[in-house]
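Read-outs throughout are calculated quantities, based only on the coordinates presented, and are distinct from any laboratory measurement. No experiment lies behind these values; they were computed from the predicted model shown. Because the Cβ atoms are built from the backbone with ideal geometry, glycine has one as well, and the counts that use them run over all protein chains shown.
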Amino acid sequence: MFKKNKHGIQIKSPEQLDKMRAAGLVVGRTLELLRSSVQPGVTPLELDAIAEEAIRGEGAIPSFKGYQGFPATICASVNDEVVHGIPNDRRKLREGDIISLDCGAILDGWHGDSAITVPVGEVDPKLTELMRVTEEAMWRGISALTVGGHLSDIGFRVERYVRSQGRYGIPPEYGGHGIGTEMHMDPWVANHGRPGRGPRFEVGMCFAVEPMVNIGTERTKVLDDEWTVVSVDGKPSAHFEHSVAVTENGPLVLTALDGGASRVKELLADPADNT
């Protein structure tokens, strides 16, 4: 039996959150392995094979593979590919590229979902800053997940931070989601908007917080493979994501190896991030 609140959002028990944490750690460890495997000359398909072996080696199942027909274990999005890139061996990663790696796993029926963007060797400082801004925006969004807050507070904090850092594009049609016994559950989590709207956070709710930020326009298009999303101006994009649980003690970052403890504590202690 799975408890839901009046808005239909799944509420996990402490025991269920433990299982979510276990699934999240599979994803977190897999992404750290992928991070260390990214280098010039590697193909996205080789990274996909590494991820599948790692996930299955922990007794879990890749949640992306076969999902609505997706053919791979990870999404691997290079440079101007915003999200949902299909790993292939048609090109090798080159010095100066960036690659976004989105990974999901199912363990004992529970899902973990997380994403990182990784530089390939030395990259342009503008790309380093893009990745920093996107990752920090994710953490600002995560800091909103406290009991009594509202769903829209996540997107408000993401957008507020990105806008404060320069002229970046936030694709409005892509965002986060609820997560639990399914990878994508209601509600959708926008990366923009006004605060104080939508359902209130309750202990046991879990969400994937995932900003995608472009150096140029917010406008995107889907390629002929019907999966890969690219920026229409061909400029690079970054993507970071964590699965997060609402607890009495603040956000628990299920897919972070340390649970996000140090970063969350820092943000919750900053009054500027709690408005």
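Just one of (1) 0.94; (2) 0.98; (3) 1.00 is Rg/Rh (Cα atoms, Kirkwood Rh) calculated from these coordinates, so which is it? Among (1) 0.94; (2) 0.98; (3) 1.00, the one calculated here is (1).
Compactness of the range 121-275 is given as radius of gyration and Dmax, 15.3, 46 Å, from Cα positions. Of Ile11, Pro199, Ala72, which is farthest along the charge dipole of the chain in the positive direction, counting Lys and Arg as +1 and Asp and Glu as -1 at C-beta? The residue sitting most towards the positive pole is Pro199.
Listed by chain and number, the aspartates and glutamates placed with their C-alpha closer than 18 angstrom to that of Lys126 are Asp80, Glu81, Glu95, Asp97, Glu135, Glu136, Glu218, Asp233; residues fewer than eight positions away on the same chain are left out. Placing unit charges on the Cβ atoms only, positive for Lys and Arg and negative for Asp and Glu, gives the chain a dipole magnitude near 720 debye about its Cα centre. If you place +1 on the Cβ of every Lys and Arg and -1 on the Cβ of every Asp and Glu, how big does the dipole about the Cα centre of the range 82-145 come out, in debye to the nearest 20? So the dipole magnitude of the range 82-145 works out to roughly 180 debye. Measure up Lys6/Lys221; Lys92/Lys235; Lys3/Lys265; Lys65/Lys265 against 26 Å on the Cα-Cα distance and list the ones that go over. Violating the 26 Å Cα-Cα cut-off are Lys6/Lys221; Lys3/Lys265; Lys65/Lys265.
Charge tally for Gly196 (other residues, Cβ to Cβ under 13 Å; Lys, Arg +1; Asp, Glu -1): +3. Under the criterion of Cα pairs below 8 Å and six or more residues apart, the relative contact order for the range 8-129 equals 29 percent.
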